[in-house]
1. Among the numbered criteria (1) within 29 Å of the chain's Cα centre (by Cα); (2) on the phi < 0 side of the Ramachandran plot; (3) surrounded by fewer than 20 Cβ atoms within 10 Å (Cβ to Cβ), which single criterion is violated by Gly342?
2. Pairs please, first residue from region 212-230 and farther than 30 Å from Gln378 by Cβ, second anywhere and open to solvent by 60 Å² or more (accessible area, probe 1.4 Å) and aliphatic (A, V, I, L, M), Cβ atoms under 9 Å, 6+ apart in sequence or on different chains.
3. Of all residues in region 22-42, count the ones that are at pLDDT below 90 and not aliphatic (A, V, I, L, M).
4. Return the total of residues in region 31-81 being touching a residue at least 24 places away in the same chain (Cβ under 8 Å), under 24 Å from the mean Cα position of the chain (by Cα) and over 29 Å from Gly301 (Cα atoms).
5. Go through the residues of region 378-394 one by one and say whether even a single one is in contact (Cβ under 8 Å) with a residue 24 or more places away in the chain and closer than 30 Å to Gly281 by Cα.
6. Is there any pair with a first residue in region 348-368 that is polar (S, T, N, Q) and part of a loop (DSSP other than H, G, I, E, B) and a second that is at pLDDT below 95 and surrounded by 19 or more Cβ atoms within 10 Å (Cβ to Cβ) whose Cβ atoms are under 6 Å apart and which are 6 or more apart or on different chains, and what are they?
7. So which of Leu61, Leu57 is modelled with pLDDT of 85 or more, in contact with a Gly (Cβ under 9 Å, 6 or more places away or on another chain) and either surrounded by 17 or more Cβ atoms within 10 Å (Cβ to Cβ) or closer than 21 Å to Ile340 by Cα (or both)?
8. Can you tell me which residue within region 265-289, out of those that are open to solvent by 10 Å² or more (accessible area, probe 1.4 Å) and among the hydrophobic types (A, V, I, L, M, F, W, C), is farthest from the chain's Cα centre (by Cα)?
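The values are calculated or read from the model by the stated rules, or taken from the named source; none is laboratory data. Just so it is clear, the model here is predicted, and its values are computed rather than measured. In this analysis, Cβ positions are derived from the backbone assuming ideal geometry, glycine residues included, and neighbour counts consider all displayed protein chains. Each accessible area value is taken on the protein alone, full model and side chains, heavy atoms only, with ligands, DNA and RNA left out. Shrake-Rupley method; radii C 1.70, N 1.55, O 1.52, S 1.80 Å.
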Amino acid sequence: MAKFEIIMPKLGESIIEATITKWVKNVGDQLEEDDSIVEIATDKVDSEIPSPVEGQLSELLFKEGDVVAVGTVIAIVDIDGDEAESEITSTKDSDKDVITKVNYKNNVNSKDEKKIDKKSIKSDYSNSSRFYSPLVKSIAAAEKIDISELDNIKGSGKEGRVTKKDVQEYLNSKGSSSRSDSTTVGKGPSTPISSMVGDKVVEMDRMRRLIADHMVMSKQVSPHVTSFIDVDVTNIVEWRNKVKDSFQKREGEKITFTPIFLSASSQALRDYPQINVSLDGYNIVYRKEINVGMATALPNGNLIVPVVKNADQKSLLGIVKSVNDLASRARANKLQPDEIQGGTFTITNFGSFDSLTGTPIINQPQVAILGIGAIRKQPAVIETNKGDFIGIKHIMILSLAYDHRIVDGALAGMYLKRLKELLENFSLDTII
C-alpha cells in the first residue's frame, strides 16, 4: 500500500500560505479522483483542493483554522501500489514545479518527509539536528534566517520544537523590517496609540491586515509619481445610454463604463508596452500578455483584483462579459485562484463612489495603475469652423500612478494622451 501526499498548492502571486477552513473528507473516507478534500482560504480567494488520486484518506496533518505554507503536505492518502520501492512524481502549477513524494509502507515517517516547494526554501535546514516543520522552514526562508540563527531560537512546542509563534516572536524581538506580507502581520503605526473614552477598538481581519502590509510594501519598493489628464467622454455616455436597455434585454446583464475603459487601457498598453512590464532588480521584464486587473470592492469593505486575461485581444462584448462575470463572482467569493493572478496592469474606478480622482497605489509587481474618476457634466469650450462657444460635455479625470524607477513623466504622459484619444474618438456607431 503506497502513501500519497496531498500538497498545499500555489494559489497566486506572492501567496505563500493559506488557512484550512474546512475538511470536507475525514480519515477513513474513500476518495475518487477529483473529490474535494479540503476548503482553504487566503487573503484573496477561497478554494478547494481536489484529490489527484483514488484511495483512502488515512491522515490529516493539520486542523481547521491552521495556517499552512504552500508546498506543505497536509494529508496522506493510501493508494494501491508496490511496497518495494518509492518514486518521485512532479505536478505542475501555474508557475513552477511542486514535488510530491510517494512514501511506501514501512519506509520512512511521512510526517518527517513533508516536502516544500523546491524554490520556496533557499536555505538548507537539513543539516540541523533539530526538527522543523515545513511552515517554520518556509517562514525562516522568507525572512532569510539561516540554520545557525534558527537553531538558536528557543522552542515552546512539544519536546522543545520551534513553532510559528516562536519564529514570529523572535522576529518581533529582532525588529525585522523585511517581513513577508503573507507570513506576518504588519505592526501598524510606530507611535503607540492611546484609546480615549468612547473609542471602539476593532482588530483588522486577516484580509485587511495583508492588504495593509501589501500597500506599505508597494510604497517602500516603488517611488510613486502620479500624472493626470481630463477626458471628454460625451460620446461614450451617449452611446451607453443608447444601447444599455437593448443590451440588457438581449444579454440579461448591464453594460457599465468599466469594460470600455479597460478595453481602451489595454489598447494603449499595446502602443506603449514599456508600461506593461515588471522589474526584477535591474532587469526589465516585458510582459507578452496584457492582463488587466480591476480593483473590485467587496461587501465587507475589502478589495480584490480579478484579472481579465489577454484583454487587448478581446472584443468589447467579450470584455463586458468577462468584467460582469468576474465582478459578480468576486462579490460572491467564488473566484478561482488563477483568476486573481497574472495581472500586468490594474485599473481602479474612483468614480463608482463619485470621487473626482485619486492617487492609487501600484499593485506589485506591476509598474503602473490607472485611476478612473467620476464622470460629470461641465461647461467646455467647443471649437467649430464658425468660432468657439461654450457647451455642456461629460468630463472625467484619469490618473496614472507609476513606478518612477522605470516609467518617467514623458512615457506616462504619452500613455495618458493615447488613452484620451481612444476614449474621445469612441464611435457612436460601435456595435456590441
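1. (2)
2. Ala212/Val185; Ala212/Met204; Asp213/Val185
3. The total comes to 7.
4. From region 31-81, those touching a residue at least 24 places away in the same chain (Cβ under 8 Å) are 31, 37-38, 40, 42-49, 51-81; that's our starting set.
Pick out the ones that are also under 24 Å from the mean Cα position of the chain (by Cα) and you get 37-38, 40, 42-49, 64-74.
Remaining after also requiring over 29 Å from Gly301 (Cα atoms): 37, 71-74.
So the count comes out to 5.
5. No, because not a single residue in region 378-394 is in contact (Cβ under 8 Å) with a residue 24 or more places away in the chain and closer than 30 Å to Gly281 by Cα.
6. Gln364/Ser218
7. Numbers: Leu61 fails: in contact with a Gly (Cβ under 9 Å, 6 or more places away or on another chain).
Step by step, each of Leu61, Leu57 is checked, and only Leu57 is modelled with pLDDT of 85 or more, in contact with a Gly (Cβ under 9 Å, 6 or more places away or on another chain) and either surrounded by 17 or more Cβ atoms within 10 Å (Cβ to Cβ) or closer than 21 Å to Ile340 by Cα (or both).
8. Ile284
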